[in-house]
Amino acid sequence: MLAWHPRGPTFLTVVYNQDDREKMRLAVLVLEVVLGLLYANMCEWVFHKYAFHVLGRKKKSIFAFHWWRHHQLSRRHGFVDEDYLKPWGSGKELWSLLAAGLLHSPLFFIYPVFTLTLFYGIFNYYYVHRKSHIDTEWAKKHLRWHYEHHMGKNQNVNYCVTKPWFDWVMGTRVKYDYLFEKNEK
């Protein structure tokens, strides 16, 4: 049955005792974490594809830095982006992530665990994205799909950075094994 819950509308079941209520609370917390991780990954895919790769191709776009600077630096320097060598990396990326966090922050008062998980996703995105563009060998081992996104023949696939989940869902996960083959002469 659909009923009102202090944390928003939710499906409730009949709870018979304290133990059942504790299990229900735990199940809701786990669900919020899982949904937060999935939502963060979906946002990563949608924003990367449409803001950075559709709008970003237009040189006058606010997102042009992604295609015209980040992708070019990565290609020219074997995946390394020198902007990430600065203490705060790419300032425009940080501002975009901060804006995304602020936009979602009111959800904290209704779904705090979901929102904190989303904030984790934002932080994790920046951390692994920056690390990958500083340490190419780490990227090849831990973020193969992102390395393939920049160095593969088609840069309009493999939009996810942290995990390739929504690339799998949306059919945009493409492996470029040739990038990882050892030269044997």
Task: Residue that is part of a loop (DSSP other than H, G, I, E, B), surrounded by fewer than 18 Cβ atoms within 10 Å (Cβ to Cβ) and at negative phi, where the choices are Pro106, Pro87 - done: Pro87
Open item on the list: For the list (1) farther than 15 Å from Met42 by Cα; (2) in contact with a helix residue (DSSP H, G or I) (Cβ under 7 Å, 6 or more places away or on another chain); (3) polar (S, T, N, Q), I need the number of the one condition that Thr117 fails.
Closed with: (1)
TODO: Please enumerate the residues belonging to region 100-123 that are of a type in the set (Ser, Thr, Tyr) and more than 14 Å from the chain's Cα centre (by Cα).
DONE: Ser105, Tyr111, Thr115
Open item on the list: Being surrounded by 14 or more Cβ atoms within 10 Å (Cβ to Cβ), more than 12 Å from the chain's Cα centre (by Cα) and under 20 Å from Pro112 (Cβ atoms) is the filter here; which residues of region 32-62 pass it?
Closed with: Glu32, Val33, Leu35
Task: Unmet requirement for Ile134, which otherwise passes all of (1) of a type in the set (A, V, I, L, M); (2) surrounded by fewer than 17 Cβ atoms within 10 Å (Cβ to Cβ); (3) part of a helix (DSSP H, G or I) - done: (3)
- [ ] Could you give me the residue pairs with C-beta distances under 8 Å whose first residue belongs to region 25-38 and is closer than 14 Å to Phe166 by Cα, whose second residue is at pLDDT below 95 and β-branched (Val, Ile, Thr) wherever it lies, and which are 6+ apart or on separate chains?
- [x] none
Task: All positions within region 63-78 that are closer than 22 Å to Tyr50 by Cα and not in a helix (DSSP H, G or I) - done: Phe63
Task: Residue check, Ile62 under 30 Å from Gly152 (Cα atoms) and touching a Leu at 6+ places or on another chain (Cβ under 6 Å) - done: no
Open item on the list: Given the condition at pLDDT 95 or above, exposed (fewer than 15 other Cβ atoms within 10 Å of the Cβ) and not charged (D, E, K, R), answer yes or no: does some residue in region 170-183 qualify?
Closed with: yes
Open item on the list: Suppose the filter is in contact (Cβ under 8 Å) with a residue 40 or more places away in the chain, buried (at least 16 other Cβ atoms within 10 Å of the Cβ) and under 18 Å from the mean Cα position of the chain (by Cα); does Tyr126 pass it?
Closed with: no
Open item on the list: Let me spell it out: the conditions are (1) assigned to a helix (DSSP H, G or I); (2) within 18 Å of the chain's Cα centre (by Cα), and Val157 meets all of them except one. Which number is the exception?
Closed with: (1)
Task: Single unsatisfied condition, Gly89 versus (1) at pLDDT 90 or above; (2) under 24 Å from Lys163 (Cβ atoms) - done: (1)
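The values are calculated or read from the model by the stated rules, or taken from the named source; none is laboratory data. In this text, all values refer to a predicted model and were calculated from it rather than measured experimentally. Heads up, the Cβs are rebuilt from the backbone with ideal geometry, glycines too, and the neighbour counts pull from every protein chain shown.
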